[in-house]
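Inspection log for the structure reproduced underneath, given as structure tokens.
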Amino acid sequence: MAKVYKVSYVVLGGKHPGGITNTESEPKPGDQVTLDKNRYSVVEVISLVPPRGEFHYLHVTLKPVEA
Amino acid sequence: MDPIAVLKSVELFEGLSEDELDSVLRICHQRTFKAGDLITEQGHPGDELFVIQDGFVEVLRKDSTTDSTPKTVVNLGRGQIVGEMALVDRGRRSATVRAISDETIVQVIQRDDFDRLCDSNHHLGYTVMRNIAADLSFKLRHSHFSHR
């Protein structure tokens with residue numbers, strides 16, 4: 001089975017509640033992600049807890065992408 | 001997508017054998033929600049666990065009975081579970097959960113089916129309960145970061 005990244009997203013600025021979802025690719029600073037149809041840029045990625053099996057647990061801080 | 005492959009990509013079932021995943025699959029019932037559909041309602045009784053296969057849901061909470069406007073506390077996407085608290089402690093729903101994307105596909109597990117499966121296979125029961133604990137811990141860690 002391919003790696004699964006369980007990601008906790010928090011958006012800077014406090015206007016978005018953040019989210020938790022699985023992704024198949026490891027987020028990296030500078031990447032862009034879409035949450036609720038809005039685009040965000042990855043600012044920071046932290047490993048939250050050690051992996052278990054194919055599951056990797058990350059916390060990602062996002063900032064809105066300026067239009 | 002192969003249903004077993006779907007279950008394998010959900011942390012709740014991490015550590016289960018193929019046979020055990022087959023037995024879980026037999027108690028799953030697929031439901032599809034549209035954006036705006038309610039999945040659970042805070043304060044109501046509940047005896048179902050929901051595994052999000054595709055789409056996003058929002059988790060809303062009213063902090064008091066006089067609070068008329070629920071606040072979205074987190075959005076949950078693919079591979080996440082909701083309804084696990086009422087499944088484990090048999091209490092009322094702690095939050096309202098609403099689909100926010102069309103074609104939100106969830107796998108639903110009834111508490112009685114879940115309890116029977118855990119009682120009949122203790123390895124499965126231990127593994128899934130451990131994974132529920134890990135998921136609650138992850139949600140708590142997420143909440144800590146949200147309130148920094």
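The values are calculated or read from the model by the stated rules, or taken from the named source; none is laboratory data. All values reported here derive from a predicted model rather than from experimental measurement. Cβ sites come from the backbone with ideal geometry, for glycine too, and all protein chains shown count toward neighbours. Surface areas here come from the heavy atoms of the whole protein model, side chains and all, with no ligands, DNA or RNA. Shrake-Rupley method; radii C 1.70, N 1.55, O 1.52, S 1.80 Å.
Nearest 20 debye, what's the magnitude of the dipole of chain B about its Cα centre given +1 on Lys and Arg Cβ and -1 on Asp and Glu Cβ? Walk me through the numbers before you get to the answer.
Working: 18 positive and 24 negative charges, 144 e Å.
So the dipole magnitude of chain B works out to roughly 700 debye.
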Q | Dipole magnitude of segment B:50-136 about its Cα centre (Cβ charges: Lys, Arg +1; Asp, Glu -1), debye to nearest 20 | A | 240
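How many partner chain Cβ atoms sit within 10 Å of a residue's Cβ in peptide B:65-78, on average, as a whole number?
On the way: counts 0, 0, 0, 0, 0, 0, 1, 4, 2, 7, 9, 3, 8, 7.
The per-residue average across the peptide is 3.
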Q) Which residues' amide hydrogens lie under 5 Å from the amide hydrogen of B:Gly43, considering only partners 5 or more residues apart or on another chain, with H built in the peptide plane? A) B:Arg93, B:Ser94, B:Ala95
**Q.** Projected label distance in nm at A:Glu54 and B:Asp119, using a 7 Å step from Cα toward the beta-carbon
**A.** 3.3
Q.
How tilted is helix B:111-120 with respect to the longest principal axis of chain B? Cα atoms for both, answer in degrees (0 to 90, nearest 10).
A. 30
Q. Can you list the equivalent-ellipsoid semi-axes of chain B, largest first and in whole Å, using the square root of 5 times each Cα gyration tensor eigenvalue?
A. 26, 17, 15
Q. Can you list the HN-Hα couplings for segment B:14-31, worked out from phi with the Karplus curve (6.51, -1.76, 1.60; θ = phi - 60°), rounded to whole Hz and with x for Gly and Pro?
A. 5, x, 8, 6, 4, 5, 5, 4, 4, 5, 5, 4, 5, 9, 8, 10, 7, 9
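Which value, in debye to the nearest 20, gives the size of the charge dipole of the protein assembly as shown about its Cα centre, when Lys and Arg are +1 and Asp and Glu are -1 at the Cβ?
Working: 26 positive and 31 negative charges, 176 e Å.
Dipole about the Cα centre, nearest 20: 840 debye.
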Q: Under 28 Å Cα to Cα from A:Lys28, which lysines show up? Leave out anything in the same chain fewer than 8 places away.
A: A:Lys3, A:Lys6, A:Lys15, A:Lys37, A:Lys63, B:Lys8, B:Lys139
Q: Read phi for every residue in segment A:35-48 and hand back ³J(HN,Hα) as whole Hz from Karplus 6.51 cos²θ - 1.76 cosθ + 1.60, θ = phi - 60°, with x for Gly and Pro.
A: 10, 6, 6, 9, 9, 9, 9, 6, 9, 8, 10, 10, 7, 7
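Once Rh for the protein assembly as shown is found with the Kirkwood sum over Cα pairs, what is the Stokes-Einstein diffusion coefficient at 4 °C and 1.567 mPa s, in µm²/s? Numbers along the way, then the final one.
On the way: Rh = 17.8 Å.
Calculated translational D: 73 µm²/s.
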Q) Under the Karplus relation 6.51 cos²θ - 1.76 cosθ + 1.60, θ = phi - 60°, what is the ordered set of whole-Hz ³J(HN,Hα) values for segment A:2-19, x standing for Gly and Pro? A) 6, 4, 10, 9, 8, 10, 9, 9, 10, 9, 4, x, x, 8, 10, x, x, x
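Take every DSSP beta bridge whose two residues both sit in chain A, then give the antiparallel share in percent to the nearest 5.
Values: 18 of 26 bridges.
Here the antiparallel bridges make up roughly 70 percent for chain A.
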**Q.** Farthest positive-ward along segment B:13-96 dipole, Cα basis, beta-carbon charges - from B:Leu16, B:Thr65, B:Gln53
**A.** B:Thr65
Q | Amide H contacts of A:Ile20 (H built 1.01 Å from N, under 5 Å, at least 5 apart or other chain) | A | A:Tyr9, B:Asn75, B:Leu76, B:Gly77
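When the accessible area of chain B is split by element with a 1.4 Å probe, what percent falls to carbon and sulfur? Intermediate values should be presented prior to the final figure.
Working: 3790 of 7580 Å².
Carbon with sulfur: 50 percent of the solvent-accessible area.
Skip the ligands, DNA and RNA, and give the accessible area per residue of segment B:17-148 with a 1.4 Å probe, whole Å².
53
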**Q.** Rough spin-label spacing in nm, given labels placed 7 Å along Cα→Cβ, for B:Val108 and B:Asp67
**A.** 2.7
